[in-house]
Amino acid sequence: MRKHIFNAGPCILADVVRENTAKAVIELGNSGQSILEVSHRGKDFEAILKETKELLTEIMEIPEGYSVLFLGGGASLQFAMVPFNFLNTKAAYLNTGTWASGAIKEARLFGEVNVLASSEDKNFGYYPKNFTIPTDVDYFHITTNNTIFGTEILKDLDSPVPLIADMSSDILSRPVDVSKYALIYGGAQKNMGPAGVTVVIIKNEMLERVTRTNIPTMLKYRVQVENDSMKNTPPCSAIFTVREVLRWVKSLGGLKVMDSRAQEKADLLYNAIDSSKVFVGTAAKEDRSRMNICFVMKEGYQDKEADFLALTSSKGIVGIKGHRSVGGFRASCYNALEIASVQVLVDAMKEFENAIL
Ligand SMILES: *Cc1c(COP(=O)(O)O)cnc(C)c1O
């Protein structure tokens, strides 16, 4: 039986995406070769790469003057690549969680980091709002969705300096004004596809700002742009699956539909949490993530966590154990998760509550 997959990443994928990937692993069209075997320089893969780029450009409405890259190394490598290329003297960061802290740590290897605001004082349970972006920094880096702590910023900030965003865990969940960003990156495995490929959307003008001369070849955005992500062998099969995800997103109606699906699922689960006598949410209401919904047992019930996990497991629910930094539970409701699965979780919460109250 197919499980209700609430994993934080790698994420759930739509049936049609898995089916088409499975077919391609056996044979790509009528090519007599599989996606695992074709040359990355051959016409079959060339067409896949081109379509994937075009679909992402269409779905996210990426304006002229940007390039789309499919790289290796995960979002974590972008933590280093961004400052390696763009941090000449000083950069500004928001510290909104574990991943943001990771990005800050890497940036400090390359120059001065100005942490404009941090929500660490409340275990990253809110998204900082009172900060001013300085004009004397090379760029401003944010993490739009904090996967571990369940906070999210749902608007596109205005920034006087190039705005760089780690969108690993909420990309494709709402329409985004790409023109406000100089660079957007994300590991595909949270909402865009399987692990193994990282998507980068970069404003070409940014390439002119690179002054450092000792950047290793593979870590230079310019090299990646000029070689269309093909300086070395790209993660071909992961890119294929991203294409399938994008085709699926488009077939459902694009990001407006993903946006309303996300809202519907989040409303259903947060309403259940807010009306519960046993469960309580951990993130500030106005900053709650629609992608990663974190909640814990209220005082007095904390010894019952394992019982609840056992009940959810018996319903076919997987992946809701909270990250150790928050504890409790985290239900990741990425694009491909159907609302019916959220309903199963909500029903399990009610059943559990009735049983122990
Ligand atoms: C998972 C995650 C990362 C790390 O991604 P990798 O691809 O595993 O390196 C970075 N940022 C955010 C917001 C994430 O959710």
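The values are calculated or read from the model by the stated rules, or taken from the named source; none is laboratory data. Please read all numbers here as calculations on a predicted model, not as lab measurements. Note: ideal-geometry Cβ built from the backbone for every residue, glycine included; neighbour counts use all protein chains shown. Side chains included, ligands, DNA and RNA excluded: accessible areas come from the protein's heavy atoms. Shrake-Rupley method; radii C 1.70, N 1.55, O 1.52, S 1.80 Å.
Before moving on, here are some points about what is shown:
- In summary, Pro162 fulfils each of the numbered conditions (1) more than 11 Å from the ligand (Cβ to nearest atom); (2) in contact with a Cys (Cβ under 8 Å, 6 or more places away or on another chain) with the single exception of condition (2).
- Residues located in the range 69-101, provided they are within 11 Å of the ligand (Cβ to nearest atom), hydroxyl-bearing (Ser, Thr, Tyr) and more than 9 Å from Thr143 (Cβ to Cβ): Ser76, Thr98, Ser101
- Some residue of the range 171-185 being near the ligand (Cβ under 9 Å from one of its atoms) and in the same structural domain as Tyr221 (by TED's automatic domain parsing): yes
- Close pairs (8 angstrom Cβ cut-off, 6 or more residues apart or separate chains): hydrophobic (A, V, I, L, M, F, W, C) in the range 185-199, within 9 Å of the ligand (Cβ to nearest atom) and in a helix (DSSP H, G or I) anywhere: Ala195/Gly74; Ala195/Ala188; Ala195/Gln189; Val197/Ala188; Val199/Ala188
- Residue satisfying condition, being in contact with a Leu (Cβ under 9 Å, 6 or more places away or on another chain) and within 26 Å of Thr241 (Cβ to Cβ), within set Val178, Val197: Val197
- Count of the range 233-256 residues which are open to solvent by 50 Å² or more (accessible area, probe 1.4 Å) and of a type in the set (A, V, I, L, M, F, W, C): 1
- Qualifying positions in the range 306-328 - in contact (Cβ under 8 Å) with a residue 40 or more places away in the chain and either part of a strand (DSSP E or B) or among the hydrophobic types (A, V, I, L, M, F, W, C) (or both): Phe308, Leu311, Ile317, Val318, Ile320, Val326
- Boolean, Ala262 is of a type in the set (Gly, Ala, Ser) and either within 16 Å of Gly327 (Cα to Cα) or open to solvent by 10 Å² or more (accessible area, probe 1.4 Å) (or both): no
- When Lys155, Lys129, Lys105, Lys122 are screened for being of a type in the set (Lys, Arg) and either crowded, with 16+ Cβ neighbours inside 10 Å or within 23 Å of Glu58 (Cα to Cα) (or both), only Lys155 passes.
- Cβ separations smaller than 9 Å between residues 6+ apart or across chains give the following pairs from the range 153-174 residues that are closer than 20 Å to Ser118 by Cβ and assigned to a strand (DSSP E or B) to residues that are acidic (Asp, Glu) and open to solvent by 10 Å² or more (accessible area, probe 1.4 Å): Leu163/Asp156; Ala165/Asp156.
- Only one entry in Phe84, Phe79 is open to solvent by less than 20 Å² (accessible area, probe 1.4 Å), part of a helix (DSSP H, G or I) and of a type in the set (Phe, Trp, Tyr), namely Phe79.
- Test: residue in the range 51-58 that is in contact with a Ser or Thr (Cβ under 8 Å, 6 or more places away or on another chain) and either outside any strand (DSSP E or B) or modelled with pLDDT under 95 (or both): no
- Residue count for the range 212-232 under the criterion of being of a type in the set (Val, Ile, Thr) and either open to solvent by less than 30 Å² (accessible area, probe 1.4 Å) or touching a Cys at 6+ places or on another chain (Cβ under 9 Å) (or both): the result is 2.
- Exclusive hit being more than 16 Å from the ligand (Cβ to nearest atom), in the same structural domain as Gly150 (by TED's automatic domain parsing) and touching a Lys or Arg at 6+ places or on another chain (Cβ under 9 Å), set Ile48, Ile26: Ile48
- Restricting attention to the range 129-145, the residues being within 16 Å of the ligand (Cβ to nearest atom) and free of Cβ contacts under 8 Å to residues at least 40 places away in the same chain number 1.
- Of the listed requirements (1) of a type outside the set (Val, Ile, Thr); (2) open to solvent by 10 Å² or more (accessible area, probe 1.4 Å); (3) part of a loop (DSSP other than H, G, I, E, B); (4) within 30 Å of Gly42 (Cβ to Cβ), Ala283 misses just one: (4).
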